[in-house]
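Peer 1: First, the structure itself, so that you have it in front of you.
Every number in this text was worked out from the coordinates using simple rules, so none of it is lab data. All of these numbers come straight from a predicted model, not from anything done at the bench. Neighbour counts run over all protein chains shown; Cβ positions are idealised from the backbone, glycine included.
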């Protein structure tokens with residue numbers, strides 16, 4: 001009994017001493033692992049700490065590549081147990097307070113993680129959950145997906161999310177190399193057009209109601225979107241459109257050779273019951289081909305957003 005009483009403090013001191021010794025080493029190895037994953041990027045981890053016997057946290061992480069991306073993570077937490085480690089599993093992995101350019105999220109969680117190690121290859125599987133993602137004023141979430149990392153490619157399959165009062169599902173493929181190339185395919189159902197306009201502060205340019213559904217695919221590298229293709233259509237209920245952007249109306253009058261006052265009136269409280277929107281990209285500019293049909297006739301708009309990318313404007 002006396003040996004046990006004397007031995008407990010010694011064991012605690014050994015554990016604490018090991019923690020002090022291992023922290024710099026763990027931070028070093030974690031930094032090197034991220035540098036291998038994000039090649040030619042600057043990686044910095046401020047510190048690491050043990051949160052209880054089963055948790056290891058890395059704090060104030062930054063991964064950046066000039067003119068490409070800048071990822072900031074307040075804390076990354078690994079939750080483990082001895083049995084899970086022996087079975088090559090991680091109980092839970094959490095990221096807290098993450099920012100990636102204009103994207104921000106309070107929490108990201110990966111659970112039911114399994115790790116398969118083979119010569120020159122590591123495969124990671126898990127369930128991804130994100131309560132909410134913010135892009136400027138827009139809010140996306142909750143989001144769930146099946147995550148797989150295989151041969152330096154990160155896949156998100158069976159992705160599901162709430163967005164603009166509607167739903168999105170699809171898949172994502174992201175190359176974890178120096179270029180960070182990605183491909184995304186999403187199917188949307190019931191996107192609220194008015195919510196989209198309000199979230200992106202477009203009310204002073206135009207007002208529009210209705211719901212959109214369809215498919216959008218894009219590919220890019222880092223914050224740069226290289227290609228977008230999409231076909232969206234409105235619901236049978238249709239909606240209402242009013243354009244108030246004077247500059248847009250002036251340009252439309254000039255290109256269409258129609259009197260400005262007639263154009264202003266034709267896009268004031270215009271009710272449509274059929275709407276088709278095609279998305280494309282040309283030399284970095286987003287092209288929206290909008291065709292609407294209603295009792296007052298058809299309306300055709302060609303809208304261009306210059307230098308469209310994921311960087312904060």
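Peer 1: How many of the residues in region 225-244 are within 30 Å of residue 181 (Cβ to Cβ) and out of contact with any strand residue (DSSP E or B) (no Cβ under 7 Å at 6 or more places or on another chain)?
Peer 2: Total meeting the criteria: 0.
Peer 1: Let me ask another. Confirm whether residue 292 is in contact (Cβ under 8 Å) with a residue 60 or more places away in the chain and over 30 Å from residue 65 (Cβ atoms).
Peer 2: For residue 292, the condition - in contact (Cβ under 8 Å) with a residue 60 or more places away in the chain and over 30 Å from residue 65 (Cβ atoms) - is not met.
Peer 1: Restricting attention to region 164-191, which residues are under 22 Å from residue 235 (Cα atoms) and either in contact with a helix residue (DSSP H, G or I) (Cβ under 9 Å, 6 or more places away or on another chain) or surrounded by fewer than 17 Cβ atoms within 10 Å (Cβ to Cβ) (or both)?
Peer 2: 164, 165, 166, 167, 169, 185, 187, 189, 190
Peer 1: Mind telling me which of the residues 60, 70 ends up being in a strand (DSSP E or B) and at positive phi?
Peer 2: Only one candidate passes the filter, namely 60.
Peer 1: Follow-up question, since we're still on this one. In region 210-238, what residues are surrounded by fewer than 18 Cβ atoms within 10 Å (Cβ to Cβ) and over 20 Å from the mean Cα position of the chain (by Cα)?
Peer 2: Within region 210-238, 231, 233, 235, 236, 237 qualify.
Peer 1: I would also like to ask the following. Just checking, does region 255-271 include any residue being farther than 30 Å from residue 68 by Cα and in a strand (DSSP E or B)?
Peer 2: Yes, there is a match, as at least one residue in region 255-271 is farther than 30 Å from residue 68 by Cα and in a strand (DSSP E or B).
Peer 1: Only one of these conditions is not met by residue 197: (1) crowded, with 16+ Cβ neighbours inside 10 Å; (2) in a strand (DSSP E or B); (3) more than 15 Å from the chain's Cα centre (by Cα). Which number is it?
Peer 2: It fails just one condition, (2).
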